[in-house]
Amino acid sequence: MPHGLQNLKQRLPLLEYLRRRNWTAHPIGSHEEFVGLCPLHAESHPSFYVNAAKDVFYCHGCGRGGDLIRFVQLSLNLSFHETLAHLNQQLGFTEPSEDEALREAVGFYQRQLDRHSEAMDYLHRRGLHDSRLIRQLNIGYAPGGTLRRHLTLLGYSFELLLQIGLIDRRGYDAFYHRIVFPCFDLCRPINLYGRSIGGAACHRFLPRPKGGLFAWSTARFFPDTILVEGLFDLAVLWQAGFVNTTCAFGTHLTEAQLLQLCDCPGREVFIAFDSDPNGAGQDAARSLTQRLGGAGLKVRIVDLPEGQDPNSYFVSGATSADFSHCLHRARSL
């Protein structure tokens, strides 16, 4: 797991690091303070003091002081990121993985959500009010400008964050001003979906595979499944009690997602796509019905009022009973 600065300094105190580098010191007074020749400049009389209780140093000769991080930077002429890598190596830590970085990003975005009124206002406008559900789906918010600093302080390199796609080459947050839904493979985060609450392009994923059906670890245990296009459709249906809902991030199913739906013989799939005025959502539903039916599944198409998707249907005032009625009236081809 990644190690933050405080954790790192606790595991490798400054005095221990100095002794590994053969610094000779003499205790003073209560044995919490030590003095010796300064490792940062040439001197003949000891003027370099280390306070073991506070884990800091100060040299009365050259006037420099600080903590373990500062000492390594000064003594080895390293950047902040190089210093973290050096100290992690001293402790035998390996480079944090992409999975670990994604997990830290998910947690960071979750903590930002209720700190930014614009994000909570957006969720409320989209019909999401249940704080328990918001936590259950790990929904977060990317305010922008702070993710890189947070993750680099935890020891993640700029190059790793750039490789994952969490930041761009200027170091800016890729999910700036977006509501963020993490996508999991069981408990492992594999991607992030961001929905813009400003003027940027509506949808964004990291440049990596999205994985299988969203929240399949919950929906898979039901004999019937509701399939929707978008994550806000899923969120309002879960909030209304339809936790057998899953999402394929659009109207197209990958082969892996199709296999997931086919893992239970006799499963019935209710397709609740957008009822677009141009008929695109219903055309996609009919096409998918043929594909799923060919795979041996029972399939029914849910008809919503024209121009509505599940999200807008509930925002307009529909109830769980109203949607249950739509399911009851769902048609098969």
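The values are calculated or read from the model by the stated rules, or taken from the named source; none is laboratory data. Since we're looking at a predicted model, the values are computed, not measured. Note that we place each Cβ from the backbone using ideal geometry, even for glycine, and neighbour counts take in every protein chain shown.
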Out of curiosity, is ASP309 more than 19 Å from PHE222 (Cα to Cα), free of Cβ contacts under 8 Å to residues at least 24 places away in the same chain, touching a Phe, Trp or Tyr at 6+ places or on another chain (Cβ under 8 Å) and assigned by TED's automatic domain parsing to the domain that holds GLY279?
no
Within the stretch 288-306, can you find the residues that are free of Cβ contacts under 8 Å to residues at least 40 places away in the same chain and either surrounded by fewer than 12 Cβ atoms within 10 Å (Cβ to Cβ) or more than 18 Å from GLY230 (Cα to Cα) (or both)?
ARG291, LEU292, GLY294, ALA295, GLY296, LEU297, LYS298, VAL299, ARG300, GLU306
Looking for whichever is in a helix (DSSP H, G or I) and either within 22 Å of CYS202 (Cβ to Cβ) or among the basic types (Lys, Arg) (or both) here; the options are ARG115, ARG132. Which one fits?
ARG132
Residues of the stretch 21-57 being within 12 Å of PHE71 (Cβ to Cβ) and either without any contact (Cβ under 8 Å) to a residue 12 or more places away in the chain or not in a loop (DSSP other than H, G, I, E, B) (or both), which ones?
PHE48, VAL50, VAL56, PHE57
Residues of the stretch 220-248 being more than 17 Å from ALA330 (Cβ to Cβ) and of a type in the set (A, V, I, L, M), in sequence order, are LEU231, LEU234, ALA235, VAL236, VAL243, ALA248
Go through the stretch 222-264 and give me each residue that's buried (at least 21 other Cβ atoms within 10 Å of the Cβ) and assigned to a strand (DSSP E or B).
THR225, ILE226, LEU227, VAL228, THR245, THR246, CYS247
Before we move on, is LEU78 outside any strand (DSSP E or B), surrounded by 14 or more Cβ atoms within 10 Å (Cβ to Cβ) and touching a His at 6+ places or on another chain (Cβ under 7 Å)?
yes
Give the residues of the stretch 312-326 that are within 21 Å of PRO223 (Cα to Cα), over 33 Å from the mean Cα position of the chain (by Cα) and of a type outside the set (Gly, Ala, Ser), sorted by residue number.
HIS325, CYS326
In contact with a Cys (Cβ under 6 Å, 6 or more places away or on another chain), in contact (Cβ under 8 Å) with a residue 12 or more places away in the chain and of a type in the set (Phe, Trp, Tyr), is that true of PHE222?
no
If you scan the stretch 56-66, which residues turn out to be surrounded by 15 or more Cβ atoms within 10 Å (Cβ to Cβ), under 26 Å from LEU153 (Cβ atoms) and out of contact with any Gly (no Cβ under 8 Å at 6 or more places or on another chain)?
ARG64, GLY65
When you go through (1) within 28 Å of THR246 (Cβ to Cβ); (2) at pLDDT 95 or above one by one for GLY107, which number turns out not to apply?
(2)
Top-ranked residue of the stretch 134-163 - restricted to ones that are more than 25 Å from GLN239 (Cα to Cα) and buried (at least 22 other Cβ atoms within 10 Å of the Cβ), ranked as farthest from the chain's Cα centre (by Cα):
GLY155
Subset tally (residues that are over 18 Å from LEU161 (Cα atoms) and either acidic (Asp, Glu) or in a loop (DSSP other than H, G, I, E, B) (or both)) for the stretch 81-92
2
Checking GLY307 against (1) touching a Pro at 6+ places or on another chain (Cβ under 8 Å); (2) modelled with pLDDT of 95 or more, the condition it does not meet
(2)
Taking only pairs six or more apart or across chains, which ones have beta-carbon atoms under 6 Å, a first residue in the stretch 249-270 that is more than 24 Å from ARG329 (Cα to Cα), and a second residue that is in a loop (DSSP other than H, G, I, E, B)?
PHE249/LYS210; ALA256/GLY212; GLN257/GLY212; GLN257/LEU213; GLN257/ALA248; GLN260/GLY212; GLN260/LEU213
Do we have LEU102 as touching a residue at least 60 places away in the same chain (Cβ under 8 Å) and part of a loop (DSSP other than H, G, I, E, B) here?
no
